[in-house]
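Report on the following structure.
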Amino acid sequence: MAAGRTHDIVNLSILPVAVYYLQPENFTGFISGYLAGTFLITPDNDIYHSRPNRRWKFLRFLWYPYTRIFSHRGISHLPVVGSIAKIVYLVLILAIVTAFVGFSLQLFLDISVIKSITDMDKKEIFNIIKSPFVVSFFIGLVLAEIIHVITDVVYSSLKKVIR
């Protein structure tokens, strides 16, 4: 398995080639997703002491339950499925935090944050999900994950051949 620095170097070296050949509809979304997939939301989030988790600084604790739910090289290392699992996990955490803050504000300040969030209908949610930025972000995230997994496979294979 390749070290964290190796993943960073390989992923960053492939980014210009990916942008050139893929010509994403939304460069900002694609590059944002790719960089997030390289540095923050990687297949190695299932290891609590991994470099990507350390990059979350004081929010690192958010990944602790994830490391207990998923084993290393399990679902996190499956392209697309791993990205979806991590996004769903982060959205659930965000929903819990939003609900907690919303209920607290509602109790103490009589402000209804939850009401405005839950008033969004399915059409609005789907319009956000299929926006060019979000689609490009997801493609960038998945591509960074695929390159991560390929790097692991190539590195492990080379190690076996050298031995």
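The values are calculated or read from the model by the stated rules, or taken from the named source; none is laboratory data. The structure displayed is predicted, hence computed values, not measured ones. Every residue, glycine among them, receives a Cβ derived from its backbone with ideal geometry; neighbour counts consider all protein chains shown.
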Consider only pairs whose beta carbons are under 6 Å apart and that are at least six residues apart or on different chains; among these, list those whose first residue lies in region 1-14 and is closer than 15 Å to Leu141 by Cβ and of a type outside the set (Lys, Arg) and whose second residue is modelled with pLDDT of 80 or more and in a helix (DSSP H, G or I). His7/His148; His7/Thr151; Asn11/Thr38; Asn11/Ala144; Asn11/Ile147; Ile14/Ile147
Which one is modelled with the highest pLDDT among residues in region 10-21 that are loosely packed, with under 14 Cβ neighbours inside 10 Å and either of a type outside the set (Phe, Trp, Tyr) or on the phi > 0 side of the Ramachandran plot (or both)? Ser13
Which members of region 76-119 meet the condition of being surrounded by 15 or more Cβ atoms within 10 Å (Cβ to Cβ) and at pLDDT below 65? Val113, Ile114
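Report, by residue number, each residue of region 130-156 that is among the small types (Gly, Ala, Ser) and in contact with a helix residue (DSSP H, G or I) (Cβ under 9 Å, 6 or more places away or on another chain). Spell out how you get there, then give the answer.
Of region 130-156, the ones among the small types (Gly, Ala, Ser) are 131, 136, 140, 144, 156.
Matches in region 130-156: Ser131, Ser136, Gly140, Ala144.
One line per residue, one yes/no per condition, for (1) under 13 Å from the mean Cα position of the chain (by Cα); (2) aromatic (Phe, Trp, Tyr):
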residue	(1), (2)
Phe27	no, yes
Gly33	yes, no
Arg51	no, no
Phe61	no, yes
Ser76	yes, no
Val88	yes, no
Leu94	no, no
Ala99	no, no
Residue check: is Arg73 at pLDDT below 90 and surrounded by 12 or more Cβ atoms within 10 Å (Cβ to Cβ)? yes
Considering residues of region 34-57 that are among the aromatic types (Phe, Trp, Tyr) and either surrounded by fewer than 19 Cβ atoms within 10 Å (Cβ to Cβ) or touching a Ser or Thr at 6+ places or on another chain (Cβ under 8 Å) (or both) only, the residue modelled with the lowest pLDDT: Tyr48
How many residues does region 143-163 contain that are over 24 Å from the mean Cα position of the chain (by Cα) and either under 11 Å from His77 (Cβ atoms) or assigned to a loop (DSSP other than H, G, I, E, B) (or both)? 1
